[in-house]
Structure formats: C-alpha cells, structure tokens
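Report on the following structure.
The values are calculated or read from the model by the stated rules, or taken from the named source; none is laboratory data. Values in this document were obtained by computation on a predicted structure and should not be read as measured data. All Cβ positions, even for glycine, are placed from backbone atoms using ideal geometry, and neighbour counts span all protein chains on display. Surface areas here come from the heavy atoms of the whole protein model, side chains and all, with no ligands, DNA or RNA. Shrake-Rupley method; radii C 1.70, N 1.55, O 1.52, S 1.80 Å.
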Amino acid sequence: AFFTFSFHLLFLNFNPVNFEFTFSEGAKYLYDYDKKIVEDYFFNQANTFAFPIIVGIVDKFFFINDTLFSARILSASSYFFIAFGFINLFKFYKIKINCSIFLIFFYLNPLIWTYGHRGIPDLFAASIAIYSFSNILILKNQKNYKNFIYFLLMGLSVCLKPFCLIYLGLIFLVEYKNNFLTTVKKYYFLFLIAILLPVIYFCIIKINFGF
C-alpha cells in the first residue's frame, strides 16, 4: 500500500482527465464560499458535493494550496484503507491465502490503479466502506466507542457515494440469525448513526443550494 501510494505521488501534476477537474474546482468553494462554484459543480457532475468538501478541508488544513493535488492524495490514500480492510476480512473469515499477494494483484487491477491516481471519490468512498465494514464485523456489535466511529465512517462513505449503502445491507445479512426483529434490535441504533450523517448532508445541500 505504501509503495503504491508513494508511486502515485510522483505523478500528482499530471493534467486532469474527463470531469476529474470538477471535484478539485468544487473544493475551492471553501476558499471564498461562492455559490457559483457549487452550481457549476452540479451542472457538470451527478456526484454528491461531499468529496469536494473533504478535499477543500484537507487542502486548507495541510496548506497544500492545490486542490487537484489534495484530491489525488485522498484517492491514493484509499490503498491504505483497502489494505487494512482486506487484512481484517482475511482474519475474520480465516482465509488461508496470503493477503499480501492478494493485495498486489488487487492493486494491479487497471481500474483500481487508475482510480487511485485520479482525484475522484469512487475508490476513496469504497475503501472507507470496506475498511469500516471489516472492523464492524470484527467488533461484533460490542459496546465500544470504535463501533460508533466505524459506523460514522460508513455514513461518510454513503455521503461520498450513496451506493455504499450496500455495505449496511451486508452487515445485516452477515449478522442475520433467522430472526429479523432480533437483528434489527441489535443494530438499529448503530445503523441510525450511519444513516444520520448522509441525511444531514443531503438536507444541508438541498436547503442551501437546492440540489
């Protein structure tokens, strides 16, 4: 993961492709809070505005001053989340295949390799979902503050890409023990935490920008 991440950092200054630029340009909203930037973003993009917000925060907090670089660094960081996520899954399901070898082939997948280099939310959202999903399985609904953090991360991944909701469904299926009500009772509060963040996000965007 570290090698792949470092390798991608060498090519941060490559020109953006297709609509990649819309995410980094949208992140500039946090500099002067010009609503025109958000309007232009939604004119070009059907994705949520969560990724540009995170990119803008990272760009300002770490004084990077280049939103395209910040977006690509976030995408490249997906490799760490994926690595830790699969390590957890291999342990949980007691898979005997060498996880390191698996990750090498996984990272060399052209789609994963390309998405990790581009400043887009797809791989970043999926990696956070996989990471939080794997930790939730390991914790097994223990009364632990970490559980709240991982469900919040799951909610964040849904804000980035709503299709990540599927991981909440997977948690339910994995934990389902032939008793629907028992499973719902066991997880309803944590599921509520995961859903609350996207609901708040979409309400704020709708109220402020009408999208």
Accessible area (Å², per residue) of segment 1-121, counting only protein heavy atoms and a probe of 1.4 Å:
57
Equivalent-ellipsoid semi-axes (√(5λ), Cα gyration tensor) for segment 1-54, whole Å, largest first?
25, 12, 10
For the chain: relative contact order, % (alpha-carbon pairs under 8 angstrom, 6 or more apart)
20
From the C-alpha gyration tensor of segment 106-168, pull out the three semi-axes of the equivalent ellipsoid (sqrt of 5λ each), sorted largest to smallest, in whole Å.
24, 12, 9
Using only the alpha carbons, work out the radius of gyration and Dmax of segment 40-80 in angstrom.
10.9, 32
What do you get for chymotrypsin sites (Phe, Trp or Tyr not before Pro) in segment 67-102 restricted to DSSP loop and a cutoff of at most 13 other Cβ within 10 Å of the site's Cβ?
Y93
For segment 32-112, give the percent of accessible area contributed by carbon and sulfur heavy atoms, probe 1.4 Å, rounded to a whole number.
70
Here are labelled values, (1) 0.95; (2) 0.99; (3) 1.07, and one is the computed Rg/Rh (Cα atoms, Kirkwood Rh) for what I pasted. Which one?
(2)
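Could you calculate the FRET efficiency of D34 with F80 from 1/(1 + (r/R0)^6), where r is the beta carbon distance between them and R0 is 25 Å, rounded to 0.05? Please list the in-between numbers first.
Values: r = 33 Å, r/R0 = 1.32.
Computed FRET efficiency for D34 and F80: 0.15.
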Quick one: length gained pulling N65 to S6 fully straight, 0.36 nm per residue minus the C-alpha distance?
19.3 nm
Surface/4 of the Cα convex hull for segment 146-211, nm²
4.8
Y188 to Y145: extension gain in nm, 0.36 nm per residue of separation minus the Cα-Cα distance?
13.9 nm
Gain in span if fully extended, N179 to F92, counting 0.36 nm per residue against the direct Cα distance
29.1 nm
Quick calc: nm separation of the 7 Å Cα→Cβ label points for N109 and N15 -> 3.0
Which three extents, in whole angstrom, do the alpha-carbon atoms of segment 71-176 cover along their principal axes, largest first?
37, 34, 22
Once the Cα atoms of helix 121-139 and of the chain are each reduced to a long axis, what angle between those two axes, in degrees from 0 to 90 to the nearest 10, is obtained?
20
Rounded to the nearest 0.05, what FRET efficiency do N44 and I166 have when you use their Cβ-Cβ distance and R0 = 30 Å?
0.70
Could you work out how far helix 145-160 tilts from the main Cα principal axis of the chain, as a 0 to 90 degree angle to the nearest 10?
50
Surface per residue (accessible, 1.4 Å probe) for segment 142-200, Å²:
62
If you line up the long axis of helix 67-76 against the longest principal axis of the chain, both from Cα atoms, how many degrees apart are they, to the nearest 10?
20
Which residue, chosen from F21, S75, Y31, occupies the Cα position most advanced towards the positive end of the dipole of segment 7-92, where the dipole is computed from +1 (Lys, Arg) and -1 (Asp, Glu) charges on Cβ about the Cα centre?
S75
